[in-house]
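Take a look at the structure below.
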Amino acid sequence: MYPTFINIGSVAISMGSIFNLLAFLTTAFVYWRKTREEHYHQDQVFDAFLLASVMGLLVGRLGFVLFNFGELGKNIWNWFDVINRPGSLEIFSLLGASIYLYRYAGKKKWDRFEVLDFWFLAISAGMVFRQLGNFFMGVGFGYETQLPWGMVFPGVFVKHHPTQLYGALVYLGLYIYLYWAEYHYRTFLWYRAGKKTAQTGFLTSIFLIVTGLSMLLMRFVRPAQLEINQFGLDYLVYGAMALFGGVMMYIKSGRLIIFKNNKN
């Protein structure tokens, strides 16, 4: 692994910092491009993206503090000391930023789920670089394995699952599909459920379902990422995420209304 990108005197720039910057810029570019195509006001789009990103950072850090309270203790300075005690939970960051963006879109009278569709399309692209950053930093790897693609990471002496690369492949495939689906899902008869037009929210639903299910499967090859008092919450959190995405897709397709009408 290559945790350090470059040393300039006493200053070291980590690979994690480089890839996190690439992730942010990629997410911003994809989001900007899609909103520009739909003629959103670019100043407001920039404000929304920036504020949502800040909210995501704060909530992600809050989640990290919550799940590592025993290590960080009651010293509030430790909570905000991201230099010596770095850490953030992606699922909390995603939740915080998405909720903020949803509320912001409502205030601006935008189509909330169209905005979220663009947001999750952009997030899927950015997460590819985030996962690659974890790989080069040598963090977040999985259990020991004898499979030929297993790798030796810093601090260990046997092969482990390169789950960061698994995640990068999942998000790359997800981005490619969402990019294609954004131009085609309105023609899906099964999603339109007999209506003339399809509702927005398809990309959001797919992102939640795929991410939730892939993280559940990832649990078989890596330790729990969400743990309190040695009790893993991954199955509960990511299972709920996938379920929420499925229910959302069912509702947005209009099938719930059809079911009610048939029942009446």
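Worth pointing out:
- Residues (under 12 Å from residue 215 (Cα atoms) and either touching a residue at least 40 places away in the same chain (Cβ under 8 Å) or in contact with a His (Cβ under 8 Å, 6 or more places away or on another chain) (or both)) located in the stretch 153-167: 163, 166, 167
- The residues of the stretch 42-75 that are outside any helix (DSSP H, G or I) and surrounded by 13 or more Cβ atoms within 10 Å (Cβ to Cβ) amount to a single one, 68.
- Among the residues of the stretch 192-207, the one identified as farther than 22 Å from residue 33 by Cα and assigned to a helix (DSSP H, G or I) is 192.
- Breaking point among (1) in a helix (DSSP H, G or I); (2) at pLDDT below 95; (3) farther than 24 Å from residue 64 by Cβ, for residue 109: (1)
- Complete set of residues in the stretch 88-123 that are surrounded by fewer than 22 Cβ atoms within 10 Å (Cβ to Cβ) and of a type in the set (Val, Ile, Thr): 91, 99
- Of the set (1) touching a residue at least 24 places away in the same chain (Cβ under 8 Å); (2) closer than 24 Å to residue 87 by Cβ; (3) small (Gly, Ala, Ser), all apply to residue 232 but (1).
- Within the stretch 1-53, tally of residues that are modelled with pLDDT under 85, of a type in the set (Ser, Thr, Tyr) and out of contact with any Gly (no Cβ under 9 Å at 6 or more places or on another chain): 2
- If you go through the stretch 151-165 and keep only what is part of a helix (DSSP H, G or I) and surrounded by fewer than 18 Cβ atoms within 10 Å (Cβ to Cβ), you end up with just 165.
- Scanning the stretch 182-191 for any residue that is of a type in the set (Lys, Arg), outside any helix (DSSP H, G or I) and more than 19 Å from residue 23 (Cα to Cα) turns up nothing.
- Of all residues making up the stretch 224-264, the number that are closer than 20 Å to residue 67 by Cβ and either of a type in the set (Phe, Trp, Tyr) or at pLDDT below 90 (or both): 13
- Cβ separations smaller than 7 Å between residues 6+ apart or across chains give the following pairs from the stretch 23-45 residues that are within 20 Å of residue 56 (Cα to Cα) to residues that are of a type in the set (Ser, Thr, Tyr) and surrounded by 14 or more Cβ atoms within 10 Å (Cβ to Cβ): 45/35.
- In the set 242, 224, only one residue is in contact (Cβ under 8 Å) with a residue 24 or more places away in the chain, over 15 Å from residue 114 (Cβ atoms) and of a type in the set (A, V, I, L, M); that residue is 242.
The values are calculated or read from the model by the stated rules, or taken from the named source; none is laboratory data. Source: prediction; values computed, not measured. Neighbour counts run over all protein chains shown; Cβ positions are idealised from the backbone, glycine included.
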